[in-house]
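Take a look at the structure below.
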Amino acid sequence: MDHLENARETVRKASRAYYAHLGYFEERTRTQKATNRELDFLEFAFRTHATHKVRDVLDVACGSGRHVLGLAHRGYKCTGQDYTPEQVQIAKNRAKSERVSIKLLQGDATKLKYESEFDAVLALYILFLLPDDDSVLTCLRQIHRALKSGGIMVCNIANPFYAGENWFSLKSIQHGHYFQEVRVPGMRYMSICRVQDFDPLQGVAWWQETHIIEASDGVHIFREHERLRLFTYWDILHYLQAAGFKEITCYPDWKTKPPKKPKAEMLIFVSRKD
Ligand SMILES: C[S@@+](CC[C@H](N)C(=O)[O-])C[C@H]1O[C@@H](n2cnc3c(N)ncnc32)[C@H](O)[C@@H]1O
């Protein structure tokens with residue numbers, strides 16, 4: 001393994017360790033309302049941007065499956081894959097208990113082998129976690145290959161220029177720390193995050209995080225590292241073009257109107273394969 005592949009493996013391992021332990025709790029902080037809003041947006045994008053009716057959907061980092069489960073309930077034929085086996089297992093258990101049929105696999109978002117198989121591909125909350133920019137381009141090219149002609153990809157990034165404080169805003173990174181508390185029924189989730197390293201040239205931050213979770217089965221404490229790549233709108237636009245996508249539209253915060261100013265917290269890109 002050369003030193004570049006070694007560095008990528010380090011990032012993948014950190015990400016896997018993070019999601020193996022925390023994925024289950026993190027998922028519970030997301031309300032069904034928020035997920036439904038994203039699902040509504042996805043259906044809007046399918047209707048508006050694909051040249052034919054979307055039926056087969058691939059989610060390249062499906063996590064514990066909230067989007068593929070939601071879409072399967074809405075009648076789509078879904079395939080989900082994720083690098084972290086623990087996340088895939090949660091998604092499988094959920095699909096079984098919710099009695100929906102979804103193909104779920106363990107796999108890396110940069111090693112997709114599909115060719116012209118899907119009407120839509122999702123890459124949600126994943127691009128900023130990939131080990132480096134070459135991996136991002138590789139992933140987008142493989143997604144392009146996986147799509148049928150006229151099919152669309154929906155991906156998102158956190159907007160580093162967002163004026164609020166969260167773990168992906170430049171503002172929090174410059175402060176050097178970030179605290180968050182989320183309360184949902186049966187759980188209190190606190191995160192104390194400190195910037196361990198920030199490379200302003202490459203836009204890469206390493207967060208050192210302590211998560212304290214008070215749940216009905218006791219208190220859980222996790223200490224993890226998380227790597228974050230800050231992308232701008234222009235970075236992603238150019239990557240999408242380099243990957244071969246043609247019609248590319250950017251939407252703010254799951255709203256169905258393109259943004260006038262970069263005020264959004266999340267930027268969602270819908271791109272079509274010719
Ligand atoms: C923030 S979660 C998002 C999950 C899901 N897309 C969602 O929105 O709920 C990021 C997911 O990416 C997965 N992941 C990280 N690196 C990956 C890679 N190289 N290939 C595939 N999945 C990866 C993690 O295991 C985790 O489940």
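Across the accessible surface of the chain, with the other protein chains kept in place and a 1.4 Å probe, carbon and sulfur atoms take up 51 percent.
Under 1.5 on a/c is rounded, so check that first for segment 169-274, then, if it is not, pick prolate when a/b is larger than b/c and oblate when it is not; a ≥ b ≥ c are the square roots of the alpha carbon gyration tensor eigenvalues. Verdict is prolate for segment 169-274. Here segment 103-252 yields Rg over Rh of 1.02, to two decimals, using C-alpha coordinates and the Kirkwood radius.
Suppose R0 equals 41 Å. What FRET efficiency, 1/(1 + (r/R0)^6) with r the Cβ-Cβ distance, do Trp234 and Glu181 give to the nearest 0.05? The pair Trp234/Glu181 has a calculated efficiency of 0.75. In this label model, His73 and Thr249 are separated by 2.6 nm, measuring between points 7 Å along each Cα→Cβ vector.
Protection proxy ranking of 65-78, 221-234, by the mean of other Cβ atoms within 10 Å over each peptide's residues and highest first, is 65-78, 221-234. GNM on the chain, alpha-carbon springs under 10 angstrom: the most fluctuating residue among Gly107, Gly186, Gly203 is Gly186.
In the chain, the alpha-carbon atoms span a convex hull of 127 Å³ per residue. Note that segment 214-231 has calculated 3J(HN,Hα) couplings of 9, 10, 5, 9, x, 9, 10, 10, 10, 10, 9, 10, 9, 9, 10, 9, 8, 10 Hz, one per residue in order, obtained from phi through the Karplus relation 6.51 cos²θ - 1.76 cosθ + 1.60 (θ = phi - 60°); glycine and proline are x. Modelled label positions at Lys257 and Thr210, each set 7 Å beyond Cα in the direction of Cβ, lie 4.5 nm from each other.
Segment 17-36 and segment 178-225 have Cα centres spaced 13 Å apart.
Shown here is the pair-distance distribution of segment 200-239: with all Cα-Cα distances grouped in 5 Å bins from zero up to the longest one, the shares run 6, 17, 16, 16, 11, 11, 10, 8, 5, 1 percent. Packing here is the average count of other Cβ atoms within 10 Å per residue, and on that basis the peptides 22-33, 117-128, 158-169, highest first, run 117-128, 158-169, 22-33. The charge dipole of segment 66-131, taken about the Cα centre with unit charges on the Cβ atoms of Lys, Arg (+1) and Asp, Glu (-1), comes to about 300 debye, rounded to the nearest 20. Extending 7 Å from the Cα toward the beta-carbon at both Met190 and Asn36 defines two label points whose distance is 3.2 nm. The Cα trace of segment 1-159 gives Rg and Dmax of 15.2, 45 Å, the first to one decimal, the second as a whole number. Taking His220, His49, His211 in turn, the Gaussian network model of the chain (Cα-Cα springs below 10 Å) assigns the largest fluctuation to His220. Per residue, the chain reaches -11000 deg cm²/dmol at 222 nm when only DSSP H runs of four or more residues are counted, each adding -39500 (n - 2.57). Remark: segment 138-151, residue by residue, has Karplus-estimated 3J(HN,Hα) of 4, 4, 5, 5, 5, 5, 4, 5, 5, 7, 6, 4, x, x Hz, where x stands for each Gly or Pro and the curve is 6.51 cos²θ - 1.76 cosθ + 1.60 at θ = phi - 60°. Judged by the ratio a/c of the largest to the smallest principal axis of the C-alpha gyration tensor, segment 105-178 counts as prolate, that ratio being 1.5 or greater while a/b is larger than b/c. Considering the zone a paramagnetic label at Gln202 would reach in this model (a point 7 Å from Cα along the Cα-to-Cβ line), which residues of segment 223-256 have amide N under 18 Å from it? Answer for this model: 225-232, 235-236. Per residue, the chain exposes 48 Å² of accessible surface when a 1.4 Å probe is rolled over the protein heavy atoms with every protein chain present.
Using a cutoff of 8 angstrom between alpha carbon atoms and counting only pairs six or more residues apart, the relative contact order for the chain works out to 18 percent.
The values are calculated or read from the model by the stated rules, or taken from the named source; none is laboratory data. Being a predicted model, the structure only gives us computed values, none of them experimental. Neighbour counts run over all protein chains shown; Cβ positions are idealised from the backbone, glycine included. Protein only, heavy atoms only, side chains kept; ligands, DNA and RNA dropped before computing areas. Shrake-Rupley method; radii C 1.70, N 1.55, O 1.52, S 1.80 Å.
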